[in-house]
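Below: one structure, written as structure tokens.
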Amino acid sequence: MVLCYAKEAIVMIEEQIKDSLEKLQDAIERADAAQIKESMTFVDTALVTHRKDLDARLKHFLKNRSYLKALAHLRGETDIPKGRCGGRTDFS
């Protein structure tokens, strides 16, 4: 039973990280400094707090602030390019 709860908690935090990354992307497009700060703070805190539980690839993306890649990973995309965001320019 504990294992199921732990898995549900991880899924929940990953959904919260995904939501925060989507808000961050939107805030960047709108140049909303307050929302950018709030979203980045949440992501940074989630990484520190849940480091042991998060998927290794997601941790790598978040640690390196590869937010586009982290968001793509959380959306289940499989064609995430290696290197510097594969030349993407739609998310700073």
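The values are calculated or read from the model by the stated rules, or taken from the named source; none is laboratory data. Fair warning: this is a prediction, and the values are worked out from it, not measured in the lab. Backbone-built Cβ (ideal geometry, glycine too); neighbour counts: all protein chains shown. Quick note on the areas: whole protein, heavy atoms, side chains included, nothing else; ligands and nucleic acids left out. Shrake-Rupley method; radii C 1.70, N 1.55, O 1.52, S 1.80 Å.
List of remarks:
- Count of region 17-51 residues which are open to solvent by 80 Å² or more (accessible area, probe 1.4 Å) and part of a helix (DSSP H, G or I): 7
- Residue ID - farthest from residue 16 (Cα to Cα), chosen from residues in region 72-92 that are among the hydrophobic types (A, V, I, L, M, F, W, C) and at pLDDT 90 or above: 72
- Whether a residue is crowded, with 18+ Cβ neighbours inside 10 Å, closer than 14 Å to residue 17 by Cα and among the charged types (D, E, K, R) was assessed, and residue 69 passes this test.
- Some residue of region 52-66 being assigned to a helix (DSSP H, G or I), over 19 Å from residue 77 (Cβ atoms), out of contact with any Phe, Trp or Tyr (no Cβ under 9 Å at 6 or more places or on another chain) and open to solvent by less than 60 Å² (accessible area, probe 1.4 Å): no
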